[in-house]
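Colleague: Take this structure, written in C-alpha cells, and hold onto it; I'll ask about it next.
Just so it is clear, none of the values below were taken in a lab; they were calculated from the coordinates. Computed from a prediction, not measured in an experiment: that's the story for all the values here. With ideal geometry, Cβ positions are generated from the backbone for all residues, glycine too; neighbour counts draw on all protein chains shown.
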Amino acid sequence: MIFIDLEEDDLGSYKSEMAVINRGYQPPITFIGGQPAFTGQVDHFKTYQILKKI
C-alpha cells in the first residue's frame, strides 16, 4: 500500500493516478491494481472483496 500526498510527493511517476484526479474525482481515491476502486473513506469490506478477486 502506498499513500501519495498530493502536496508533498513527486507526482511524475503517478501519471495514470493524476489523470483520474484531473477528471474531477476528489481525493482520497483508493487505487487497487492501478485502477481507481472508490473515493472517500476507505471501505475495508469493499477493499477485501476487490482484493479477493485479484
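Colleague: Can you tell me how many residues within the range 21-51 are more than 11 Å from the chain's Cα centre (by Cα), under 21 Å from residue 11 (Cβ atoms) and β-branched (Val, Ile, Thr)?
Modeller: Number satisfying all stated conditions: 0.
Colleague: Being not hydroxyl-bearing (Ser, Thr, Tyr) and not in a helix (DSSP H, G or I) is the filter here; which residues of the range 20-30 pass it? Even if it seems obvious, please write down each step before you answer.
Modeller: Our first condition is that a residue be not hydroxyl-bearing (Ser, Thr, Tyr); within the range 20-30, this holds for 20-24, 26-29.
Within the range 20-30, 23, 24, 26, 27, 28, 29 meet the criteria.
Colleague: In the range 5-41, what residues are touching a strand residue (DSSP E or B) at 6+ places or on another chain (Cβ under 8 Å) and either more than 23 Å from residue 53 (Cα to Cα) or not aromatic (Phe, Trp, Tyr) (or both)? Spell out the reasoning first.
Modeller: Start the filter on the range 5-41 by keeping residues that are touching a strand residue (DSSP E or B) at 6+ places or on another chain (Cβ under 8 Å), which leaves 17, 20-21, 25-31, 36-39.
Correct list: 17, 20, 21, 25, 26, 27, 28, 29, 30, 36, 37, 39.
Colleague: If the Cβ limit is 8 Å and pairs must be 6+ apart or interchain, which residue in the range 14-31 that is under 18 Å from residue 46 (Cα atoms) pairs with which residue that is surrounded by 12 or more Cβ atoms within 10 Å (Cβ to Cβ) and of a type in the set (S, T, N, Q)?
Modeller: 27/39; 28/39; 29/39; 30/39; 30/47
Colleague: Taking the range 29-54, which residues are of a type outside the set (Ser, Thr, Tyr) and surrounded by 13 or more Cβ atoms within 10 Å (Cβ to Cβ)? Steps first, answer last, please.
Modeller: Our first condition is that a residue be of a type outside the set (Ser, Thr, Tyr); within the range 29-54, this holds for 29, 31-38, 40-46, 49-54.
Result: 29, 31, 32, 36, 37, 38, 43, 46, 50.
Colleague: Restricting to the range 1-19, count the residues that are under 9 Å from the mean Cα position of the chain (by Cα) and not in a loop (DSSP other than H, G, I, E, B).
Modeller: Going through the range 1-19 one residue at a time, the tally reaches 1.
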